[in-house]
Amino acid sequence: MDARKIAVVTGASSGIGAATARALVQAGFELYLGARRQDRLREVAAPLGATALPLNVRDADSIAAFVGALPAAVHLLVNNAGGALGLDRVEAARDEDWIWMWETNVLGVMRLTRALLPALRASGDGHVINLGSTAGFETYPGGAGYTGSKHALR
């Protein structure tokens, strides 16, 4: 890669998001990482020379502040932020768990992608990668809320 391209990774404070950040820095990207857990995010970002920014994909103000702190041109957005809550059967499901999962796993991806479209277009070759789960292909007992949101993401 001749010039350093800009990559943004959400949910980068642990797991697949952190591993994605490490792989992208090895590939030569300049990184901007977002997550709710700032202490853990800084631990991931520091050794990579990445910029760590607070981000809650369920919160419009947080998304606006995050996007406002990014460069004008972004080459890659990796939507990784997500999660699962509860294993209750539908008859015992908690509305707040399903709302959290849909706002994070589906609406958060849409909102962040929409907010970053001008920067992705400005790069001239912007790409978006949405990381899902096997739950977007298969279901499991007690997973209706999560698998439904991951099917929607897929």
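The values are calculated or read from the model by the stated rules, or taken from the named source; none is laboratory data. Nothing here was measured: the structure is a model prediction, and the numbers come from that model. Here Cβ is always computed from backbone atoms with ideal geometry, including for glycine, and neighbour counts include all displayed protein chains. When the accessible area is computed, the model is the full protein with side chains, heavy atoms only, and any ligands, DNA or RNA have been set aside. Shrake-Rupley method; radii C 1.70, N 1.55, O 1.52, S 1.80 Å.
Summary table below
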read-out: Length-normalised contact order of the stretch 23-154 in % [C-alpha pairs under 8 Å, at least 6 apart]; value: 25 percent
read-out: Cα long-axis angle, helix 144-153 against the chain (0 to 90 degrees, to the nearest 10); value: 40 degrees
read-out: Proportion of all alpha-carbon pairs of the stretch 1-103 beyond 18 Å (%); value: 49 percent
read-out: Order by protection proxy (mean Cβ within 10 Å, highest first), peptides 123-133, 42-52, 97-107; value: 97-107, 42-52, 123-133
read-out: Relative contact order %, the stretch 1-83, counting alpha carbon pairs below 8 Å whose residues are six or more apart; value: 36 percent
read-out: Solvent-accessible area per residue, Å², over the chain with all protein chains present [probe radius 1.4 Å]; value: 53 Å²
read-out: Acute angle (nearest 10 degrees) that the helix 108-122 long axis makes with the longest principal axis of the chain, alpha-carbon atoms; value: 20 degrees
read-out: With eigenvalues of the C-alpha gyration tensor scaled by 5 and rooted, the stretch 31-154, Å; value: 28, 16, 13
read-out: Surface share of carbon and sulfur [accessible, 1.4 angstrom probe, percent] for the stretch 5-154; value: 54 percent
read-out: With Cα atoms, 0 to 90° folded angle of helix 15-26 axis to the chain main axis; value: 20 degrees
read-out: Electrostatic dipole magnitude of the stretch 4-91 [Cβ: Lys, Arg +1; Asp, Glu -1; Cα centre; debye, to 20]; value: 260 debye
read-out: Vicinal HN-Hα couplings computed from phi for the stretch 64-80 (Karplus, 6.51 cos²θ - 1.76 cosθ + 1.60; Hz; Gly/Pro x); value: 4, 5, 4, 5, x, 8, 8, x, 5, 10, 10, 8, 8, 10, 10, 7, 10
read-out: Most fluctuating residue given options VAL57, VAL67, VAL109, as computed from a GNM of the chain linking Cα atoms under 10 Å; value: VAL67
